[in-house]
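I have placed the structure first, in the form of structure tokens, so that the comments after it can refer back to it.
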Amino acid sequence: MKKALIIGGGFGGLVTGALLSREGFRVRVLEKNTTIGGGLQSFTRKGVYFETGMHILGGLAEGGSVRRIFEYLGIMDQLRIERCDMHCMDEVTYLSTGDNYRLPQGREAFTQALCSYFPHEAEGIRRYLQACYDLTDEVGIFYLRPSEATFTVHTERFMQPVDEFIADFIHDERLRDLLAYMNPMYGGLAGHTPAYIHALINVLYISGQYHFRGRSQHMAELLSSVIYKNGGEVLTGQTVSAINVEDKRVVSVETTTGATFTADYYISTIHTKQLLPMLPEGALTRGYTTRLMDAPVTYSAFILYLVFHPGSFPYINHTCYIQDDYGQIWNHSDYDDDWPRGMMYLTPPTDDQGPWAVRMTVNCIMKMDQVQRWRNTSVGHRGADYEAWKHEQAERIIAKLERVHPDIRRCIKTYYTASPLTIRDYYASPEGALYGYQKDGLDPARTLIAPVTRVRNLYLSGQCVNLHGICGVPLTAINTVEAITGLNTIVNKINQQHTQI
């Protein structure tokens, strides 16, 4: 059996490892934390579970690409997930006006809802959504279509800045703002973020949106079980400190525990800015290294975890977004004293979910410079002033939640918080970046990363390579594995199995 060693036991490392193990590779995954999963990690406080990163799931409806991948890996029927309300997958509220929009799942239902809110833009809405679906059709792997070439020529709109893309179809400024409500899901920047990212993520969730039922950690455990079932292993507490290269090939990796590991193939799924310093000088070209070390990353977040008194706050079976006002969706990270300008929140279902919510997770965009004074501290050792600062931010969030849910404060039993520093330290993500590199349609080559490298047996996977999230990471894993096993080998097997189900 060929041996494959994967650096990083997050979602990308586990999916990549599971796919390789299905191909007969003996897989070993090295994870720095004591818990696997990366953004799939869950934590518990006084018996209540919370997700650390991945909250909203797409691509899992019948025939969806992620569903077909999980069916191929044999874990789909074991996933504990809850489909969001078909009539309202997302609810968007603007505090300045009180405007409230409830957006359903399904392309036609989604279209009809938007047309009912903005009847004067009906033609533009249909043209806009058709353009979104056309852009996704340019990404064959999104639909698990076999690749016919290694080089794809895209239409002019593919890299068009997304705010300009929306404006080409929509005249109403309020509707332009609303159509970008998922911006916090991909870290979009006006004038830079390519339209294809907006299209892929919106189409993914319009086609079917789900939440975890119970713990997101369960998905990590299922993926790990695939690796173990096929003779591999996942080792925690193993932080890679050095990658030894000879004659343009990796010969071993070393960890901070003093252990040395060898394999035939090495796949890094950690952030590229964490990987490159581990390589010896000259292993990769200076231009390549400088480009990726200097490339900007996406913004981070402040997360508030609420625990409710039993039977006090109703369960909401959809995702909610709050915006202070129209015209701010592209500059949530350019705040002053008005933070947070917007937020995304949900009440994740439990295994025995009833009419009342047990918990709520609230995500607010935040830049790392807000916690600059504690940059050189570690988890649990940041001091009383840091705790006081977190309490102040939590109170700001709760005050804005009260404008939509006036009684929410009396429902809160306790709460917990996480800052960009928390994200940085647990995920080993530079600047606490949520979504890897900041993609730029005006300079796409700056963050262009292929799954292969000039070190012949070193490959890359994870959210830095293509697209992040529940769909982007598994699709990238397929690209990486096929760089080893051959073009379309995995896609064809997934599709063949799907036709037999």
Within the bounds of the range 431-452, is there any residue that is assigned to a strand (DSSP E or B), without any contact (Cβ under 8 Å) to a residue 40 or more places away in the chain and of a type in the set (Val, Ile, Thr)? yes
Per the list (1) within 22 Å of the chain's Cα centre (by Cα); (2) more than 20 Å from residue 341 (Cα to Cα); (3) surrounded by 18 or more Cβ atoms within 10 Å (Cβ to Cβ), residue check on residue 366 breaks on (2)
Taking the range 184-198 only, how many residues are more than 20 Å from residue 327 (Cα to Cα) and either open to solvent by less than 10 Å² (accessible area, probe 1.4 Å) or hydrophobic (A, V, I, L, M, F, W, C) (or both)? 1
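Condition check ((1) open to solvent by less than 40 Å² (accessible area, probe 1.4 Å); (2) hydrophobic (A, V, I, L, M, F, W, C); (3) closer than 26 Å to residue 424 by Cα; (4) part of a loop (DSSP other than H, G, I, E, B)) across all residues:
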position	(1), (2), (3), (4)
228	no, no, no, no
231	no, no, no, yes
238	yes, no, yes, yes
253	yes, yes, yes, no
266	yes, no, yes, no
275	yes, yes, yes, no
281	no, no, yes, yes
291	no, no, yes, no
Criterion (part of a strand (DSSP E or B), over 23 Å from the mean Cα position of the chain (by Cα), farther than 18 Å from residue 146 by Cα and touching a residue at least 60 places away in the same chain (Cβ under 8 Å)) met by exactly one of 400, 413: 413
What's the number of the only condition in (1) in contact with a strand residue (DSSP E or B) (Cβ under 7 Å, 6 or more places away or on another chain); (2) open to solvent by less than 20 Å² (accessible area, probe 1.4 Å); (3) closer than 18 Å to residue 397 by Cβ; (4) modelled with pLDDT under 95 that residue 345 fails to meet? (4)
Scan the range 462-495 residue by residue and report those that are touching a strand residue (DSSP E or B) at 6+ places or on another chain (Cβ under 7 Å) and more than 17 Å from residue 450 (Cβ to Cβ). 470, 471
Please verify whether the range 445-456 includes one or more residues that are open to solvent by 20 Å² or more (accessible area, probe 1.4 Å) and under 17 Å from the mean Cα position of the chain (by Cα). no
Lone qualifier among 336, 351 - being in a loop (DSSP other than H, G, I, E, B) and in contact (Cβ under 8 Å) with a residue 60 or more places away in the chain: 351
Going through (1) over 28 Å from residue 475 (Cα atoms); (2) surrounded by fewer than 18 Cβ atoms within 10 Å (Cβ to Cβ) one by one, residue 133 fails only at (1)
Looking at (1) crowded, with 20+ Cβ neighbours inside 10 Å; (2) of a type in the set (A, V, I, L, M, F, W, C); (3) at pLDDT 95 or above; (4) within 30 Å of residue 364 (Cβ to Cβ), which is the one condition that is false for residue 167? (1)
State whether one or more residues within the range 46-69 are in contact (Cβ under 8 Å) with a residue 12 or more places away in the chain, open to solvent by 40 Å² or more (accessible area, probe 1.4 Å) and either of a type in the set (Gly, Ala, Ser) or farther than 17 Å from residue 463 by Cα (or both). yes
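The values are calculated or read from the model by the stated rules, or taken from the named source; none is laboratory data. Please read these numbers as outputs of a predicted model, since none were measured by experiment. Neighbour counts run over all protein chains shown; Cβ positions are idealised from the backbone, glycine included. Calculation scope for accessible area: heavy atoms of the full protein, side chains included, ligands and nucleic acids excluded. Shrake-Rupley method; radii C 1.70, N 1.55, O 1.52, S 1.80 Å.
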